[in-house]
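Everything on this sheet refers to the single structure shown next.
The values are calculated or read from the model by the stated rules, or taken from the named source; none is laboratory data. Computed from a predicted structure; not experimentally measured. All Cβ positions, glycine included, derive from the backbone under ideal geometry; neighbour counts span all protein chains shown. Heavy atoms of the whole protein, side chains included, go into the accessibility calculation; ligands, DNA and RNA do not. Shrake-Rupley method; radii C 1.70, N 1.55, O 1.52, S 1.80 Å.
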Amino acid sequence: MESIKGIYRIGHGPSSSHTMGPRRAAQEFLERNPGAGRYEVTLFGSLAATGRGHLTDRAILDILEPEAPTVIHWRSEMFLPFHPNGMEFESYYGTASEPRERWRIYSIGGGSLADETTGEKPPRRVYGMNTIAEIQAWCERTGCSYWEYVEQCEGAGIWEYLDRVWEVMQSGIRRGLEAEGVLPGGLGVRRKASDYYIRAKGYSESMRSRGLVYAYALATSEENAAGGEIVTAPTCGSSGVLPAVLYHLQQTRDFARTKLLRALATAGLFGNVVKHNASVSGAEVGCQGEVGVACAMAAAAACQLFGGTPAQVEYAAEMGLEHHLGLTCDPICGLVQIPCIERNAYAAARALDSNIYATYSDGRHRVSFDRVVEVMRQTGHDLPSLYKETAEGGLAKNYPAGEE
């Protein structure tokens, strides 16, 4: 497996696969083809189907258009076999009718890129073990925790990176709690985080706690939808779940910063296992790979913070993912707003519930996290393409603009 830095990418929303990935690809293509007279970019499959709502064209044009005229072609009907999020870049020089370079690349989720020959870039192997079963056995054999395995593989420098990640996560929540008004995109969706936060303060303890978790998740998700700076966890569309859980526990339990960073490391490890063995791309496996994985990551983090054993942490993560199996990715009008924002709030609450359920147990259960990851992968591949980030099926089908 690669570094968990690939799970936690700092950038601007609204989509890691449709915005951050294409922006990275455009930057790389520009560096390889400076001084061209014009560029042409073709978007395929899911990238074309929901690209306008996800600002895919804007992400690419912001990089290439200042250098030379750039044309974008939309081919939503054509799904390339390697991955639904395909792009093809072409550079033209002088009066040539043929491109000097034609480059096909795929945005495979979480801001990562891959091509058909070399796979994901960079392919550097950081972790020797690729399943939670292996890592859990190591933890039980050595007496160590999941975060200690992360430190052993990544080196001490990972803590500086996670410290920066935590700062950006907190800033996103704080900005989101202060912001008001309508989100961009034309659906007329009003920000709700500030209202939920204020109303939650007026309730008694249990209702207040749940309302605050909702508010924190809404805050980050709304910032993402508005193109604000967030951290993928594991994607932009699911970026509100983990920060909401950790921020809430920090505020209510006063956990030390060191413990919160260790929880981030554990969450990143579980997300990394899913990314390596299945996918975190909504265009490939549906929203189960985004919000479902985010819920699993947050459940694992919470369980560790509350002193869970490696078995209990694994169980919490397993429940967080298992109970999102089959969740489709059907963003209305291709915007990361309905139902994405609400799903983040519900998943944050479900992550806390998964932690509670796991800590009541001794951690023993029948269906392993790794088994659920495999089922999620197969379920995602079995889903028809219209339920995987095309905005053509499910909730997105025939949705009248202006309703909520």
Legend entry - Among LEU249, LEU43, LEU55: highest mean-square fluctuation, GNM of the chain, C-alpha pairs under 10 Å: LEU249
Legend entry - Model label zone, SER206; criterion: amide N under 12 Å from point 7 Å along Cα-to-beta-carbon; scope the range 281-323: none
Legend entry - Options ALA256, ALA68, THR235, ranked by Cα towards positive dipole end of the chain, top entry (Cβ charges): ALA256
Inset, instruction - Express as a percent, rounded to the nearest 5, the fraction of DSSP beta bridges in the chain (both residues included) that run antiparallel. - result: 75 percent
Inset, instruction - Take the solvent-accessible surface of the protein heavy atoms, probe 1.4 Å, and return the percent of it on the chain that carbon and sulfur atoms account for. - result: 48 percent
Inset, instruction - Give me the distance between the Cα centres of the range 283-341 and the range 2-47, rounded to whole Å. - result: 25 Å
Inset, instruction - At 7 Å along the Cα-to-beta-carbon direction for both HIS365 and VAL168, put a label point, then send me their distance in nm to one decimal. - result: 3.1 nm
Legend entry - Solvent-accessible area of LYS259 with every protein chain in place, 1.4 Å probe, in Å² to the nearest 10: 100 Å²
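So with the 1.4 Å probe, I'd like the accessible area per residue for the chain, rounded to whole Å². Spell out each step's value before the answer.
Details: 16140 Å² over 404 residues.
For the chain, the per-residue accessible area is 40 Å².
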Legend entry - Unmatched cysteines, the chain - criterion: no other Cβ of a Cys under 4.7 angstrom: CYS139, CYS144, CYS153, CYS236, CYS295, CYS303, CYS333, CYS340
Inset, instruction - With a/c under 1.5 counting as rounded, go ahead and sort the range 301-404 into rounded, prolate or oblate using the C-alpha gyration tensor (a ≥ b ≥ c being the square roots of the eigenvalues; past the cut-off, prolate if a/b is larger than b/c, else oblate). - result: oblate
Legend entry - Most mobile of PRO184, PRO34, PRO14 in a GNM of the chain (Cα contacts under 10 Å): PRO34
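Taking R0 as 22 Å, what FRET efficiency do you get between MET129 and LYS5 from their Cβ-Cβ distance, rounded to the nearest 0.05?
Numbers: r = 18 Å, r/R0 = 0.81.
E(calc), rounded to 0.05, equals 0.80.
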Inset, instruction - Name the lysines eligible as straight-distance cross-link partners of LYS5: C-alpha to C-alpha under 17 Å, and not fewer than 8 places from it in the same chain. - result: LYS121, LYS275
Inset, instruction - Return the single residue from GLY286, GLY326, GLY143 with maximal mean-square fluctuation; model: Gaussian network over the chain, springs between Cα atoms under 10 Å. - result: GLY143
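If r is the Cβ-Cβ distance from ARG102 to GLU77 and R0 is 22 Å, what FRET efficiency results, to the nearest 0.05? Could you put the intermediate results ahead of the total?
On the way: r = 20 Å, r/R0 = 0.93.
Efficiency at R0 = 22 Å is approximately 0.60.
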Legend entry - Selected from ILE158, GLN312, CYS287, residue furthest toward positive end of dipole (the chain; charges at beta carbon): GLN312
Inset, instruction - Could you give the size of the charge dipole of the chain about its Cα centre, using +1 on the Cβ of each K and R and -1 on the Cβ of each D and E, expressed in debye and rounded to the nearest 20? - result: 660 debye
Legend entry - Ranked packing of 232-242, 94-104, most packed first, by mean Cβ within 10 Å: 232-242, 94-104
